[in-house]
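In what follows, a single structure is set out as structure tokens and then discussed.
The values are calculated or read from the model by the stated rules, or taken from the named source; none is laboratory data. Everything numeric here is computed off the predicted structure, so don't read it as measured data. No Cβ is skipped: glycine too gets one built from the backbone with ideal geometry, and neighbour counts run over all protein chains shown.
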Amino acid sequence: MRTILIEPTENPKVMKFVADYNLIPGSLELDRDSDISEIPLAQELFNYPFVERVFITANFVAIAKQDTVEWEHVVDSLKNVIEDELLANPRIYLQKKKEMIEIYAEMTPNPNAMKFVASKMLMDGFVEVKSRNEAEGVPLAQAIFTEFDFAKEVFISDNFVAVTRDNSVEWHQVMMAVRGYIAEYLQSGGIISNIESQKHENPVEKIINRDYTDDEQKISDILNEYVAPAVENDGGKISLMEYDAANKTAKMLLQGACSGCPSSTATLKGGIENILKQFVPELVERVEAVNG
């Protein structure tokens, strides 16, 4: 923690905030017309309308205020701002403000799975961790499993993390804690995954190690265009796993929030099966689920 000492000056409009180390070589004198785009400390200080000028040199920050406020009412707030900014960026000049990562929670069709959406991309592709024993190489999943005993599965894709819980809790009891923990982990620069992510273009290839036939490719193309976007929006992923031409049956691999979801069977029968029967009736009469 950076500790700041408050020192009055001979000018009653100016207060010094002294650090225990040199902040910059040389000096900076800033007012409201100065370019402070790369000096977050100055940005934060000028958020206070009574701050007229900021002078930074050696080991202190001097702030000149307007006469509209008394130091006793604002000095502690300014001290806290300076301490926080020096903790985040010990060097003043040309410092970069840390990127803020926002997280919000979304329900999914699977009542056991909650989707936590970030304001930035987390990875290109996806990684699925089906149990605690499979979390090695995925530090974010390891952290979630360590912090929350109720976490069963973690699915990371694009800009979201989908967490599947067990029956020991309800999401309304723990959602805020999980959201806060993931936000803090990402904000602090925590590593998401050390293993190669699977690619969205053809995730089945890694699983069954084969190329699609022409018929399978037709089915997959329809899934990617008409089905996948909605499924991914719900925190899951669907892919063609196997195609039985003799019985005109398409077997689907369900991952993420879709895996084990009580409504997935109804979705397959009521939605995906109807879509495939409409677009490729000569190929598909029924669909089946294979949980990933």
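Quick rundown of the values:
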item	result
Residues satisfying the stated conditions in segment 172-190, i.e. without any contact (Cβ under 8 Å) to a residue 60 or more places away in the chain, surrounded by 13 or more Cβ atoms within 10 Å (Cβ to Cβ) and within 14 Å of Ala105 (Cα to Cα)	Val174, Tyr181
Test: residue in segment 15-24 that is part of a strand (DSSP E or B), in contact with a strand residue (DSSP E or B) (Cβ under 9 Å, 6 or more places away or on another chain) and at pLDDT below 90	no
Filtered residues of segment 36-58 (kept if of a type in the set (D, E, K, R) and either outside the structural domain of Val14 (by TED's automatic domain parsing) or within 15 Å of Val69 (Cα to Cα) (or both))	Glu52, Arg53
Any hit, segment 145-153, residues being among the acidic types (Asp, Glu) and over 25 Å from Asn233 (Cβ atoms)	yes
Matching residues, segment 26-47, being in a loop (DSSP other than H, G, I, E, B), touching a residue at least 12 places away in the same chain (Cβ under 8 Å) and under 19 Å from Glu83 (Cα atoms)	Glu38, Ile39
Count of residues meeting criterion [buried (at least 18 other Cβ atoms within 10 Å of the Cβ) and touching a residue at least 24 places away in the same chain (Cβ under 8 Å)] in segment 219-240	13
Filtered residues of segment 102-130 (kept if out of contact with any Ser or Thr (no Cβ under 6 Å at 6 or more places or on another chain), within 20 Å of Lys152 (Cβ to Cβ), of a type outside the set (A, V, I, L, M, F, W, C) and in a strand (DSSP E or B))	Glu106, Glu128
Every pair of residues 6+ apart whose Cβ atoms lie under 6 Å, when the first sits in segment 242-261 and is within 25 Å of Phe116 (Cα to Cα) while the second is at pLDDT below 65 and part of a strand (DSSP E or B)	Leu254/Asn291; Ser259/Asn291; Gly260/Asn291
Subset of segment 191-218 (residues that are surrounded by 14 or more Cβ atoms within 10 Å (Cβ to Cβ) and either among the charged types (D, E, K, R) or modelled with pLDDT of 90 or more (or both))	Ile192, Ser193, Glu205, Asp215, Glu216, Lys218
Evaluation of Glu273 against (1) touching a helix residue (DSSP H, G or I) at 6+ places or on another chain (Cβ under 9 Å); (2) part of a helix (DSSP H, G or I); (3) modelled with pLDDT of 80 or more (one fails), failing number	(1)
From Ala162, Ala228, Ala250, residue being small (Gly, Ala, Ser) and modelled with pLDDT of 90 or more	Ala162
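Here is a yes/no grid of residues against (1) buried (at least 23 other Cβ atoms within 10 Å of the Cβ); (2) over 19 Å from Asp214 (Cα atoms); (3) modelled with pLDDT of 80 or more:
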position: Ala257; (1), (2), (3): yes, yes, no
position: Lys269; (1), (2), (3): no, yes, no
position: Glu282; (1), (2), (3): no, no, yes
position: Val290; (1), (2), (3): no, yes, no
